[in-house]
Amino acid sequence: CEGITWVLDSDGTLTINGTGEVPDSWYEDRPWSEYNDTIKNIVVGEGITKLNGTAFYFSDNAETLTLPSTLTFCDEYIFGGEPCNLKEINVAPENTTYKSIDGILFTEDEKTLVMYPANKNCDKYMIPSSVTTIGKMAFESNQGINTVIIPDTVTVMEFSAFTDSAISTIIVGNGIDTIPQSCFSHSSTDSIILSDSVKTINYAAFWASSIETLIIGSGVESIDKDI
């Protein structure tokens, strides 16, 4: 792509430099794809504004992702293909769109949890009370958390928020009234507890999951036939 360069050093650090967007058109042939197994850290340099599409698909051994102050968009699909080893996301403090809190990616105003690293270990993660939205695929393929507690301040969970995750227990707070499409699809969760505030459970919410226990609260009014 014009204006974008990359280098992979002997320590396994992939550094992307240049200006503008890392385009979605690289889906079929990302130039570093043949080195996916050796990538340990990813550094996106200053000047890059957008990470589109599936930039780091199958970079399953990457443990850290560092984002620049210039980044204004990070696609929820940048990692995928298989559960990855990502443990930490860092953001330049001057960035006005995103920020990192304890290695987790949030919007700068801390209202949206954008991405929890798939292999960041935590026995019990209490989502901060500043958060009102859990973003698309925010906990996709997560295999590092035992329990996630969603506080009452969260009012929106977006598409596939917990898809393909291996979180043992997820407790949904009283702010959520809708479980979105594919929210927990393909997950291997032992227990999901929905609060009485949940009124609607949408299409494929638990599709192809191996959930042992699902507790639905008293407020539910609509359950899609294909959940």
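The values are calculated or read from the model by the stated rules, or taken from the named source; none is laboratory data. Since this is a predicted model, take the numbers as computed values, not measurements. Ideal geometry is used to build each Cβ from the backbone, glycine not excepted, and the neighbour counts take in all protein chains shown. Just the protein is used for accessible areas: all its heavy atoms, side chains included, with ligands, DNA and RNA removed. Shrake-Rupley method; radii C 1.70, N 1.55, O 1.52, S 1.80 Å.
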Difference of contour (0.36 nm per residue) and Cα-Cα distance, N95 to I216: 39.6 nm
The chain - percent relative contact order, Cα under 8 Å, separation 6 or more: 10
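For the range 1-60, give the share of DSSP beta bridges that are antiparallel, in percent and rounded to the nearest 5; count only bridges with both residues there. Mind showing how you got there, number by number?
Values: 5 of 12 bridges.
Roughly 40 percent of the beta bridges in the range 1-60 run antiparallel, per DSSP.
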Added length on full extension, which subtracts the Cα-Cα distance from 0.36 nm per residue, W207 to K87: 40.5 nm
Prolate/oblate/rounded call for the range 144-197, Cα gyration tensor, a/c under 1.5 rounded: oblate
Over 29 Å (Cα to Cα) - which of K136/K225; K50/K124; K50/K199; K99/K124; K99/K199 fall in this group: K50/K124; K50/K199; K99/K199
Check: the range 96-227 dipole with +1 on Lys, Arg Cβ and -1 on Asp, Glu Cβ, in debye: 140
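Which shape class applies to the range 130-227: rounded if a/c is under 1.5, otherwise prolate when a/b exceeds b/c and oblate if not, where a ≥ b ≥ c are the square roots of the Cα gyration tensor eigenvalues? If you can, show how the numbers build up before the last one.
On the way: a/c = 1.38, a/b = 1.11, b/c = 1.24.
Since a/c stays below 1.5, the shape of the range 130-227 is classed as rounded.
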Solvent-accessible heavy-atom area per residue, rounded to whole Å², over the range 164-227 at 1.4 Å: 46
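Carbon and sulfur: what percent of the chain's accessible surface (1.4 Å probe)? Walk me through the numbers on the way to the answer.
Numbers: 4700 of 10070 Å².
Carbon plus sulfur share of accessible area: 47 percent.
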³J(HN,Hα) computed for each position of the range 206-214 - Karplus, 6.51 cos²θ - 1.76 cosθ + 1.60, integer Hz, glycine/proline x: 10, 4, 6, 9, 10, 7, 7, 9, 10
Spin-label zone in the range 195-227 - amide nitrogen under 13 Å from a point set 7 Å from the Cα of N146 along the C-beta vector: none
FRET efficiency for E34 and D11, using Cβ-Cβ distance with R0 set to 22 Å, rounded to 0.05: 0.75
Cα-based convex hull volume of the chain per residue, rounded to whole Å³: 111
Alpha-carbon Debye profile of the range 1-112, log10 I(q)/I(0) at 0.13, 0.14, 0.23 Å⁻¹: -0.43, -0.51, -1.47
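Per residue, how many Å² of accessible area does the range 1-146 show with a 1.4 Å probe? Walk me through the numbers before you get to the answer.
Numbers: 6580 Å² over 146 residues.
Using a 1.4 Å probe on heavy atoms only, each residue of the range 1-146 averages 45 Å².
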Max mean-square fluctuation residue, GNM over the chain, Cα-Cα springs under 10 Å, options A92, A138, A205: A92
